[in-house]
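These notes concern the structure reproduced below.
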Number of protein chains: 2
Amino acid sequence: MNLKQIAKDTAKTLQSYLTYQALRTVLAQLGETNPPLAIWLQNFSANKIQDGEAYIEQLFREKPDLALRIMTVREHIAEEIIEFLPEMVHAGIKQANMEQRRQHLERITQIDTSNPSLQPEQQTSSDPNLDNLSS
Amino acid sequence: MNLKQIAKDTAKTLQSYLTYQALRTVLAQLGETNPPLAIWLQNFSANKIQDGEAYIEQLFREKPDLALRIMTVREHIAEEIIEFLPEMVHAGIKQANMEQRRQHLERITQIDTSNPSLQPEQQTSSDPNLDNLSS
């Protein structure tokens, strides 16, 4: 496991994602102040935003002011939220892992109780072990 | 700009991305130890990994041991790299914004010097302002 490379790739993905969020923010602002430009930007951006840097570069060639605006907004978003992400992601993964395990246990015990035919030796519903499992 | 919602969405995206990186790691390990299972997992995962949690849930129904393994690996990756991400992304965005501005300036000055016909008043290449711009 090359953790250094994973960290680099993750940072790059995050940077692209923040560029996408900056685009969404600018689109919402333009929707209020300059709807035709919002529509132009929406059409221009479709299918281009996957690679944030290539997208900004293309936008610079068409409308430098919009490229600069998205760059400013993504830097601002990063400054505001990035310090909270480690704790959020950490907690999110711990919570999700626990939830996935819980659901899996629930499914296993449901199979045990609702398909007694699969387990011939436990066909009586009064089996105390089974009752414990499904409670 | 709803920064709280952006932070939530970003954390969720990051969680999915780390799930994808955990899958890649497990695929590489299985490629060494159990190639047929690696191929099975590769085929199973195609087009499913976009939503990390839905993916894990589906995998749990097919091969719980692999789901547990990917969950363990993603938690480990998060623990190892997540604290470095804020600084990396911050630096990455600052660097990228500077680079984009520099490239844009270069393009502007290239247009100025290589297409003098577009600017009739600056057709002499000895124009001192132009020389300064392109230097």
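The values are calculated or read from the model by the stated rules, or taken from the named source; none is laboratory data. Model, not experiment: these values are computed from the prediction. Counting neighbours? That spans all protein chains shown, and the Cβs are built from the backbone with ideal geometry, glycine included.
Would a scan of the stretch B:27-48 turn up a residue that is at pLDDT below 95 and hydrophobic (A, V, I, L, M, F, W, C)?
Within the stretch B:27-48, one or more residues are at pLDDT below 95 and hydrophobic (A, V, I, L, M, F, W, C).
Looking at this structure, is A:Ile108 within 11 Å of chain B (Cβ to nearest Cβ) and surrounded by 19 or more Cβ atoms within 10 Å (Cβ to Cβ)?
Here the answer is no, as A:Ile108 does not meet what is asked.
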